[in-house]
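A.B. asks: Let me give you the structure first, and then I'll get to my questions.
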Protein chains: 2
Amino acid sequence: MSQTIKVGIVGYGNLGRGVELAIRQNPDLELVAIFTRREPGNLNSAQGGAKFEHISAAEQYKGKIDVMILCGGSATDLPEQTPAIASMFNTVDSFDTHAKIPEFYEAVDAAAKRSGTLSVISTGWDPGLFSLNRLLAEAILPEGKDYTFWGKGVSQGHSDAIRRVPGVKAGVQYTVPVQSVIDRIRSGETPELATREKHLRQCFVVAEEGADQERIRAEIVGMPNYFADYDTTVTFITEEELRAEHAGMPHGGFVIRSGVTGAGTKQIVEFGLKLESNPEFTASVLVAYARAAHRLSEQGQSGARTVFDIPLGLLSPKSADELRRDLL
Amino acid sequence: MSQTIKVGIVGYGNLGRGVELAIRQNPDLELVAIFTRREPGNLNSAQGGAKFEHISAAEQYKGKIDVMILCGGSATDLPEQTPAIASMFNTVDSFDTHAKIPEFYEAVDAAAKRSGTLSVISTGWDPGLFSLNRLLAEAILPEGKDYTFWGKGVSQGHSDAIRRVPGVKAGVQYTVPVQSVIDRIRSGETPELATREKHLRQCFVVAEEGADQERIRAEIVGMPNYFADYDTTVTFITEEELRAEHAGMPHGGFVIRSGVTGAGTKQIVEFGLKLESNPEFTASVLVAYARAAHRLSEQGQSGARTVFDIPLGLLSPKSADELRRDLL
């Protein structure tokens, strides 16, 4: 009954540190060890006291860990790690390369079914909570149109793109939803929107000494895929300003569905997040789904699952009776 | 595969008419008949063409209807109807007397288990979608505080209370959330709020000729349970104004959780609805859960379920593959 759920973390970047912090907020969960590809002796835990192990030692924890929370990146880490770890443990990950989710699902599902484990893939807030809300609103309002806005928040991919421009020493990019468009949708309009109309891109750039700022600006705003389709602003700042004002990782966004029922009756469903730390929030979602993964596994289930497959009651430490009494 | 889900409606007030309209928006669902305690020959269908039956004929539809959507009231209809109908059919209802949900659940669960049927109880938007969002946000942000605001919308109970005041011919009451408080919460504050601080109550009243308006006003604003704990405004209008401007049934509201992760990092999760018709939207939620009830029953499950127990993927007509590909 009061047995804790034993959790391992694989990968110790911003997300892994967030998971360590989130586990402390959930007394029914217990952190057993953090697994890393680095030299484990060199790492310091965000909270102090965590045990570090090299990833190659994971197998020795079979039977001692109920769920592994995988905190690697979607580009190269997770496509390898999730199926490998799923052959030994229940897992939760935040795989977010939308176009590759079907093949990722198949690979993880096969590995988990072979070994009788359960894997929750692609959770977090998008994919994750935003996906749940897109599904929910579409199922309830089949005649309608939905909009996803991201931000205001730091986009890692776009920040990396800025930093690859010659003459750029450092920089950060914010994705900013266009407020006037959100207001139109909230008031019941259902506009067709070009990419440029939904989001702005704000870049804060530290240039190398003597670099040509106008050339840098032109290279950024014209960069295909990243900036060319958007209204982009470039502001040059000092390294001190970057450190003082742009060190956080805020993010958020909205999923809005505007639909009709009956004879054109307007109905609007909206879900929104305003996050001071993107990785800490994503980590908190992963931790709640780790609880669900363990429970599904205890029920004898195996294979891959997404947020669409999991009753939300399994995310809460409360019993079904308590949930009906206190939260319904 | 392309077999439609056969649906019956029990009760034909605003909610039942909404369900009839919502079924038309979902090609995988088919309305078989509407059951009523009134004389069925006297009823006209919102869309035309629906078949009406007296409620006593329901038993003859065993095997011909997959799910009954129960559209009666929570005070006296559903506590009797849901267990009775659950002994013959899968059911969905919107039982919303919060304090009595545990005993209602037990009664329906027993009836449904005895007869091998499945009953989704207490769905709609509150209880229902708001409950889901309270649970989700609390599970993800265990350290935090949540707020539910209703409105702007018509409260049937409060409108009825106004109409019981001597000298009142007709009237309608709007529950209005206090915008300045919502703004404070959205900006990260977590105030302790008295009832009076969260909602205003706006009453539009048609007085009988010669009635003392000041006495009516005083009786309304001082009415215990309904108005005494709120800031209440009373505006006297004509019957024509009531018909022209207050015939709709708009509603909506917000569930907001403001929590912290890590070392005091603020994270805000918000879900909101803006509805031109409360009964049509509630009906649309019931219809989506009817699809889920049928699918769970097809899996061989029986007993009572709430929104907390049901994977959201079951609400959508799309397959799990499509959902992963298009909505995750």
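The values are calculated or read from the model by the stated rules, or taken from the named source; none is laboratory data. Since this is a predicted model, take the numbers as computed values, not measurements. As a convention, Cβ positions derive from the backbone with ideal geometry for all residues, glycine included, and neighbour counts pool all protein chains shown. Surface accessibility is based on the protein's heavy atoms, side chains included, excluding ligands, DNA and RNA. Shrake-Rupley method; radii C 1.70, N 1.55, O 1.52, S 1.80 Å.
A.B. asks: Take the range A:55-72 and flag every residue that is out of contact with any Leu (no Cβ under 9 Å at 6 or more places or on another chain), over 25 Å from B:P142 (Cβ atoms) and surrounded by 19 or more Cβ atoms within 10 Å (Cβ to Cβ).
C.D. replies: Hit for the range A:55-72 is A:A58, nothing else.
A.B. asks: Of everything in the range B:22-54, what is of a type outside the set (D, E, K, R), at pLDDT 95 or above and open to solvent by 20 Å² or more (accessible area, probe 1.4 Å)? Give them in sequence order.
C.D. replies: B:Q25, B:P27, B:L31, B:V32, B:F52, B:H54
A.B. asks: Here is a further query. Condition (residue is assigned by the TED database to the domain that holds A:P102, part of a strand (DSSP E or B) and under 21 Å from the mean Cα position of the chain (by Cα)) applied to the range A:49-68: is it met by at least one residue?
C.D. replies: The answer is yes; a qualifying residue exists.
A.B. asks: Among the residues of the range A:124-158, which ones are open to solvent by less than 10 Å² (accessible area, probe 1.4 Å) and without any contact (Cβ under 8 Å) to a residue 24 or more places away in the chain?
C.D. replies: The answer is A:A139, and nothing else.
A.B. asks: Please give the number of the condition A:V154 fails out of (1) over 13 Å from the mean Cα position of the chain (by Cα); (2) more than 13 Å from chain B (Cβ to nearest Cβ); (3) hydrophobic (A, V, I, L, M, F, W, C).
C.D. replies: For A:V154, the exception is condition (1).
Quick grid of which residues meet (1) open to solvent by 40 Å² or more (accessible area, probe 1.4 Å); (2) in contact with a strand residue (DSSP E or B) (Cβ under 6 Å, 6 or more places away or on another chain); (3) modelled with pLDDT under 95:
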position	(1), (2), (3)
B:G222	yes, no, no
B:R243	yes, no, no
B:Q267	no, yes, no
B:E270	no, yes, no
B:E276	yes, yes, no
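A.B. asks: Being of a type in the set (A, V, I, L, M) and more than 29 Å from B:E214 (Cα to Cα) is the filter here; which residues of the range B:230-265 pass it?
C.D. replies: Across the range B:230-265, the qualifying residues are B:V255, B:I256, B:V260, B:A263.
A.B. asks: Next up: Any idea which of B:A161, B:A194 is surrounded by fewer than 15 Cβ atoms within 10 Å (Cβ to Cβ), of a type in the set (A, V, I, L, M) and modelled with pLDDT under 95?
C.D. replies: Just a single option satisfies the conditions, and that option is B:A194.
A.B. asks: Would you check which residues across the range B:279-325 are more than 9 Å from chain A (Cβ to nearest Cβ), of a type outside the set (K, R) and free of Cβ contacts under 8 Å to residues at least 40 places away in the same chain and list them?
C.D. replies: Answer for the range B:279-325, where residues must be more than 9 Å from chain A (Cβ to nearest Cβ), of a type outside the set (K, R) and free of Cβ contacts under 8 Å to residues at least 40 places away in the same chain: B:E298, B:Q299, B:G300, B:S319, B:E322.
A.B. asks: Would you call A:G8 in contact (Cβ under 8 Å) with a residue 12 or more places away in the chain and in a helix (DSSP H, G or I)?
C.D. replies: Taking the combined requirement at face value, the residue does not satisfy it.
A.B. asks: Those residues that are open to solvent by 10 Å² or more (accessible area, probe 1.4 Å) and within 18 Å of the chain's Cα centre (by Cα), I need them from the range A:282-308; list them, please.
C.D. replies: A:T282, A:R305 - these are the residues of the range A:282-308 that are open to solvent by 10 Å² or more (accessible area, probe 1.4 Å) and within 18 Å of the chain's Cα centre (by Cα).
A.B. asks: On to the next question. Could you please tell me which pairs satisfy a Cβ distance under 7 Å, a separation of 6+ or placement on different chains, a first residue in the range A:16-30 that is of a type in the set (A, V, I, L, M), and a second residue that is open to solvent by less than 80 Å² (accessible area, probe 1.4 Å) and part of a loop (DSSP other than H, G, I, E, B)?
C.D. replies: A:V19/A:C71; A:L21/A:A46; A:L21/B:G262; A:L29/A:T4
A.B. asks: Does the range A:235-278 hold any residues that are more than 11 Å from chain B (Cβ to nearest Cβ), touching a Lys or Arg at 6+ places or on another chain (Cβ under 9 Å) and free of Cβ contacts under 8 Å to residues at least 40 places away in the same chain, and which are they?
C.D. replies: Answer for the range A:235-278, where residues must be more than 11 Å from chain B (Cβ to nearest Cβ), touching a Lys or Arg at 6+ places or on another chain (Cβ under 9 Å) and free of Cβ contacts under 8 Å to residues at least 40 places away in the same chain: just A:F236.
A.B. asks: Mind checking whether some residue in the range B:26-33 is part of a helix (DSSP H, G or I) and more than 25 Å from B:F130 (Cα to Cα)?
C.D. replies: no
A.B. asks: From the set of residues in the range B:197-216 that are of a type in the set (D, E, K, R) and within 30 Å of the chain's Cα centre (by Cα), which is surrounded by the fewest Cβ atoms within 10 Å (Cβ to Cβ)?
C.D. replies: B:E197
A.B. asks: Can you tell me which residues in the range B:71-94 are in contact (Cβ under 8 Å) with a residue 24 or more places away in the chain and part of a helix (DSSP H, G or I)?
C.D. replies: B:D77, B:L78, B:P79, B:Q81, B:T82, B:P83, B:A84, B:I85, B:A86
A.B. asks: When you go through A:V67, A:V92 one by one, which is the residue that is of a type outside the set (K, R), closer than 15 Å to A:I34 by Cα and within 14 Å of chain B (Cβ to nearest Cβ)?
C.D. replies: Checking each option against the conditions leaves just A:V92.
A.B. asks: Is there a residue being polar (S, T, N, Q) and in contact with a strand residue (DSSP E or B) (Cβ under 9 Å, 6 or more places away or on another chain) anywhere in the range B:167-174?
C.D. replies: yes
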